[in-house]
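See structure below.
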Amino acid sequence: MKIHSFPRGGISFDDPTVPPRDSSTIAFLPALSVIPLAQHAGVPARPTVAAGDLVREGMLIGRSQGPFSANVHATVPGRVIREVSWKNAEGRICDALLIRMGGGFELLGKKETAYSWADLSPHELMRLITEFGIVEMDGAGRPIASVLNYEKTGKRDQSLVVRCVFDDPWLASDYALCRERLKEVVEGSVIAARTGRLNRIVFAVSHRERDLGRKLLSEAASYKIPSSLVITGSRYPQHNQREMELALRIYEKREGILLGSVVILGPATLAAICDAVKLRKPVLDRYVTVGGSAVKNPRVMKVRIGTRIGEVFAECGGFVDKPKRMATGSPFLGRAVIDLDEPVIKTTYAVFAVLGGQAVESRARNCIGCGECRAVCPIGLDPEELFKQMRPFRNGDASGPPGPSVECHGCGCCELVCPSRLPLSQVIAGEDSYAG
Ligand code: SF4
Ligand code: SF4
């Protein structure tokens with residue numbers, strides 16, 4: 001079977017501080033959970049409960065404020081203690097409800113009722129997906145209702161692409177989920193395709209995971225929707241939207257299969273869609289990769305949403321030494337964590353803590369002109385040059401360029417290979433206040 005990949009740049013990345021991905025453990029339930037009202041891209045939900053109220057497991061506690069917002073649910077039963085707010089590393093104010101666990105669980109450990117969805121219309125499926133607050137769980141957290149909006153996408157041939165590409169080792173969590181919940185991933189794909197009126201499912205699997213791809217395809221054969229397997233490259237950023245689309249267009253041309261426009265979703269999102277429609281259940285847990293050089297016992301864990309990141313690290317044995325940096329996501333696209341009380345949310349696929357000396361640390365801050373950054377940029381930009389142009393701009397010099405590069409899609413490859421550890425992608429994308 002041919003491998004279809006984006007044509008240039010990218011990097012292969014192994015990180016020995018990432019835990020093994022072949023199994024997962026279940027984290028303890030949090031005695032105190034912090035449930036943010038914005039676990040999605042867009043407008044925060046409005047709280048439907050107040051301090052002192054009792055909440056049930058899975059109960060709606062934050063109501064969506066329109067198509068670019070999402071419902072939020074309690075992930076444990078208990079009492080709302082108060083609303084809390086904090087400023088995250090990007091300066092954004094986060095509002096959340098603090099819940100002390102107590103009382104009986106209505107979902108955990110109980111026999112699940114499976115509802116038939118075969119006779120539901122796309123509109124009814126969409127209503128359930130929206131009701132249970134499903135968002136893209138391995139991306140920015142776009143509400144699924146805005147992604148699968150068939151009225152917007154028109155009548156062209158369209159395909160759902162199930163992204164099972166693990167080019168970033170920190171996606172070990174989604175790999176574990178895909179193996180452990182393969183049936184739900186496939187059923188969620190069929191539900192998503194019907195909801196968005198997409199007429200084909202394509203399983204995009206990196207070439208190291210061919211066996212997983214075959215299992216997905218074989219499971220999909222029991223549904224009446226055309227499905228196929230695309231083997232992609234495994235160089236990062238293969239799983240990014242643009243690089244994935246490039247690989248799919250190459251596949252389309254070589255194989256003569258018309259995919260039309262594509263909707264790309266990952267396994268965590270699809271399993272959540274299945275749970276919402278079939279079990280009438282919101283997202284309660286997230287598979288999370290926990291690792292980094294500062295963590296004693298890295299592992300993949302199934303963590304209840306709202307669990308504080310400090311507790312997640314503690315369950316992995318704590319730190320070998322004081323970490324220099326903590327972040328959610330991966331070293332490519334990680335977002336700094338400045339407070340261990342910040343919680344795991346729907347989009348948290350990894351949390352890591354590193355000592356000084358690991359790749360994401362120790363910036364020398366002088367370009368040595370090695371050209372590594374140019375070699376890995378998947379869209380052929382010159383990160384060194386863009387960085388130099390942006391530097392006076394960041395320093396407030398009006399003669400600098402008018403703004404960040406519109407072409408750069410922030411994959412982070414250039415930054416990761418730069419031996420001087422310059423914050424290339426952050427500066428090029430206009431996110432960093434670096435003024436070196
Ligand atoms: S972050 Fe931007 S400049 Fe750097 S490699 Fe990616 S696309 Fe190229
Ligand atoms: S990789 Fe870093 S040091 Fe090398 S040319 Fe690019 S910016 Fe300069």
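Just so it is clear, none of the values below were taken in a lab; they were calculated from the coordinates. Only a predicted model underlies this, so the values are computations on that prediction, with no experimental measurement involved. All Cβ positions, glycine included, derive from the backbone under ideal geometry; neighbour counts span all protein chains shown.
Sequentially through segment 22-28, phi angles give Karplus couplings (6.51, -1.76, 1.60; θ = phi - 60°) of 7, 8, 9, 10, 9, 6, 4 Hz, Gly and Pro residues having no value and appearing as x. Only lysines eight or more places from Lys346 in sequence, or on another chain, were considered; those with a Cα closer than 20 Å are Lys87, Lys278, Lys281, Lys302.
What shape does segment 30-134 have by the C-alpha gyration tensor, where a ≥ b ≥ c are the square roots of the eigenvalues, rounded means a/c under 1.5, and otherwise prolate means a/b greater than b/c and oblate the rest? Don't skip to the answer; put the middle values down first.
Working: a/c = 2.47, a/b = 1.23, b/c = 2.00.
In terms of gyration-tensor shape, oblate.
Using helices alone, I'd like the mean residue ellipticity at 222 nm for the chain: each DSSP H run of four-plus residues gives -39500 (n - 2.57), total over residue count, nearest 500. Helix-only estimate at 222 nm: -7000 deg cm²/dmol.
Write down Rg/Rh for segment 179-280, rounded to two decimals, with Rg from the C-alpha atoms and Rh from the Kirkwood relation over Cα pairs.
On the Cα set of segment 179-280, Rg over Rh gives 0.94.
Listed from fewest to most Cβ neighbours within 10 Å, the set Lys346, Lys322 follows the order Lys322, Lys346. Counting only Cα atoms, the chain measures 61, 56, 42 Å along its principal axes, largest extent leading. Bridge orientation summary for the chain: considering DSSP beta bridges with both residues in this region, about 60 percent are antiparallel. Scanning the chain for cysteines with no neighbouring cysteine C-beta under 4.7 angstrom from their C-beta gives Cys94, Cys164, Cys178, Cys274, Cys316, Cys367, Cys370, Cys377, Cys408, Cys411, Cys413, Cys418.
Which pairs in the list Lys110/Lys215; Lys183/Lys224; Lys2/Lys224 are over 20 Å apart, alpha-carbon to alpha-carbon?
Result: Lys110/Lys215; Lys2/Lys224 exceed 20 Å.
The residues Lys388, Lys215, when put in order of fewest to most other Cβ atoms within 10 Å, stand as Lys388, Lys215. Under the membrane-span-like helix rule (DSSP H runs whose alpha carbons stretch at least 30 Å along the helix axis, mean Kyte-Doolittle hydropathy 1.6 or higher), the chain yields none.
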